[in-house]
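Participant: Starting off with a structure, shown below.
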Amino acid sequence: MSTYDVAIIGSGPGGYVAAIRCAQLGMKTAIIEKYNVLGGTCLNVGCIPSKALLDSSHHYEEAIKHFEDHGIEIPGDIKVNFKKMVERKASVVEQTTKGIEFLMNKNKIDVFTGMGAFKDATHIEITGGEKNETIEAKNTIIATGSKPSTLPFIKLDKDRIITSTEALSLKEIPKHLIVIGGGVIGLELGQVYRRLGAEVSVVEYMDRIIPTMDSAQSKELMKAMKKQGVKFHLSHKVSAVSKKGKEITVTATDKKDKEVTFKGDYCLVSVGRKPYTDGLKAENAGVKITERGMIDVNDQLQTNIKNIYAIGDVVRGAMLAHKASEEGVLVAEIIAGQKPHINYNLIPGVVYTWPEVASVGKTEAQLKEAKVEYKSGQFPMRALGRSRASGDIDGFVKILSDKKTDEVLGVHMVGARVADVIAEAVVAMEYRASAEDIARMSHAHPTYAEAVKEAALAATDNRALHI
Ligand code: FAD
């Protein structure tokens, strides 16, 4: 039987990054993945394929709606070859997952294909792959991720009543896609199909979309997506979803308690994700799982069993790839005897619609609830030369800073490329910058990042220059 310093169960952005860091730190490392491709949700049915389809559909929308504004004329009709678009997405995924295989080899990490299940706290049985075997691990990191969740009364047929996984590999463009849930995944995929010509109706239980983000972002994104033709039904509680042939009926009650029905040919259920521990046999190792199915961990991401850790979507906190990866590095370094740290307040959140939405730190609602006195400075993208040049004028940057000390407490953005621009805010906040600090730094002209400087100027004595 092979013995390892560390065994990692699950090869998503939590697991594979943890494996690389463990190997870098000189530990004999094994990674176990039940599928025969590495990369987990993020690379196979999450971040990467969704961004590939978002990018392809964005190019199409630009070509049919905006090329003319730029003086580009294409003779004849511009058509979507949806099959090719989905094939391209598959090839992007393949290149990326192959890259993880290369990294495992490079770092001399042993990869086991099969389902990993605890026999006890130091032995893991691997089944369902080429051969069944048991390995011994001094330490184990559980990185088994999450799966889409649904509502108790919805029967997902994975054909027309689908989750994000199926929505990334449809055979045709829906005529009318009903999206249940106005969160990140529903909006990103809803926008893909709207751009490709589908009618898209978003049915959301709360009174705003992306409800965990700053409310100004919810409003701005909804305004932009409405302009693109997406229909929103907020404060609607879905009570039934049924299918007759190719027709899907979604029944909901609105805020006046009136029953409303939506008819379409596909229904995307995007109501969140749940931690995944099926088949792990955590009980054999004595690992505690919470009522909500999460693995219970302390601040060091250690479970109730000393040599077993858990990271990523299977533990508390934001279900994001970069959060999982930070946790992977942290646990590897803890096992190696180091004292690493993660600032959970500074994990950025992004929605990759167009305009993009990005946030870090506290929202206005959170500051109000915590009774923190703050100042706010906001700058509209339409006042930027860069935005006018590209034609991407929707959105804003908002900076919230402490009323007394001016320390930046939260930065919230909507606009072109803000998924990248948010990194500036993360760096500034990590170094505990004041709004004045940002306001005094030179930002290249013309860039979208200039909106950050202008918002910082607005937050300090209302002195934005270009508005
Ligand atoms: P996962 O990536 O879920 O990986 C877990 C792995 O463990 C899987 O491969 C699974 O097969 C394996 N596994 C489970 N149990 C066992 C077992 N017993 N034995 C062996 N293997 C096992 N996040 C972002 O930050 N940015 C985005 O743009 C983004 N877009 C997304 C879009 C979509 C459509 C979806 C669904 C998610 C998106 N996410 C995004 C979320 C992101 O994918 C997750 O937060 C991330 O994948 C979590 O990583 P993880 O390592 O914890 O788990």
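Participant: Rounded to whole Å and sorted largest first, what semi-axes of the equivalent ellipsoid does the C-alpha gyration tensor of the range 1-128 yield via the square root of 5 times each eigenvalue?
Facilitator: Output for the range 1-128: semi-axes of 43, 14, 10 Å.
Participant: In addition: What value in Å³ per residue do you get for the convex hull of the alpha-carbon atoms in the range 201-313?
Facilitator: Measuring per residue, one finds 167 Å³ for the Cα hull of the range 201-313.
Participant: Placing +1 on the Cβ of each Lys and Arg and -1 on the Cβ of each Asp and Glu in the range 294-387, which of Met319, Gly385, Thr353 has its Cα farthest towards the positive end of the resulting dipole?
Facilitator: Among Met319, Gly385, Thr353, the one farthest towards the positive end of the dipole of the range 294-387 is Gly385.
Participant: Please work out how much length the chain gains when fully extended from Thr405 to Lys244, using 0.36 nm per residue of separation minus the C-alpha to C-alpha distance, in nm with one decimal.
Facilitator: My answer for the length gained is 51.9 nm.
Participant: Can you give the extra length, in nm with one decimal, that the chain gains between Glu73 and Ala389 once fully stretched, where that is 0.36 nm per residue apart less the Cα-Cα distance?
Facilitator: The Glu73-Ala389 span can extend by a further 111.9 nm.
Participant: Given a cut-off of under 8 Å on Cα pairs at least six residues apart, what relative contact order in percent is computed for the range 221-285?
Facilitator: The normalised contact order for the range 221-285 reaches 19 percent.
Participant: Work from the charge dipole of the range 117-174 (Cβ charges, +1 for Lys and Arg, -1 for Asp and Glu, about the Cα centre) and give the residue of Ile135, Leu156, Phe118 farthest towards its positive end.
Facilitator: Leu156
Participant: Rank these for me by crowding, Val184, Val17, going from fewest to most other beta carbons within 10 Å.
Facilitator: Exposure proxy ranking, most exposed first: Val184, Val17.
Participant: How about the range 312-415: which trypsin sites (Lys or Arg not before Pro) there lie in a loop by DSSP and see at most 16 other Cβ atoms within 10 Å?
Facilitator: Arg316, Lys371, Lys403, Lys404
Participant: So if each residue of separation counts as 0.36 nm, and I subtract the Cα-Cα distance between Lys258 and Ala423, what length gain in nm does that give?
Facilitator: Stretched fully, the Lys258-Ala423 segment lengthens by 55.0 nm.
Participant: Where nothing but the Cβ of Lys and Arg (+1) and of Asp and Glu (-1) is charged, how large is the charge dipole of the chain around its Cα centre, in debye to the nearest 20?
Facilitator: 800 debye
Participant: Give me the tail of P(r) for the range 283-397 as a percent: Cα-Cα pairs with distance above 22 Å.
Facilitator: 54 percent
Participant: So what's the convex hull volume per residue for the Cα atoms of the chain, in Å³?
Facilitator: For the chain, the hull spanned by Cα atoms encloses 172 Å³ per residue.
Participant: With the Cα gyration tensor of the range 343-383 giving a ≥ b ≥ c as the square roots of its eigenvalues, does the rule (a/c under 1.5 for rounded; else a/b larger than b/c for prolate; else oblate) give rounded, prolate or oblate?
Facilitator: Oblate.
Participant: Run through the DSSP bridge list for the chain and note the antiparallel percent, rounded to the nearest 5.
Facilitator: Percentage antiparallel, nearest 5: 60.
Participant: Follow-up. So for the chain, averaging the separation of alpha carbon pairs under 8 Å that are six or more residues apart and normalising by length, what relative contact order in percent results?
Facilitator: For the chain, the relative contact order is 15 percent.
Participant: In nanometres, what is the gap between the two model label sites at Glu172 and Glu130, each 7 Å from Cα along Cα-to-Cβ?
Facilitator: Each label point lies 7 Å from its Cα, and together they span 4.2 nm.
Participant: In the range 300-426, how many lysine pairs have Cα atoms under 13 Å apart, counting only pairs 8 or more places apart or on different chains?
Facilitator: 8
Participant: Next question. Could you tell me which residue out of Leu189, Ser401, Pro275 lies farthest along the dipole of the chain toward its positive end? Charges go on the beta carbon: Lys and Arg +1, Asp and Glu -1, centred on the Cα centre.
Facilitator: Leu189
No value in this document is a laboratory result; all are computed from the given coordinates. It should be emphasised that the depicted structure is a prediction, and the values quoted were computed from it without experimental measurement. Neighbour counts run over all protein chains shown; Cβ positions are idealised from the backbone, glycine included.
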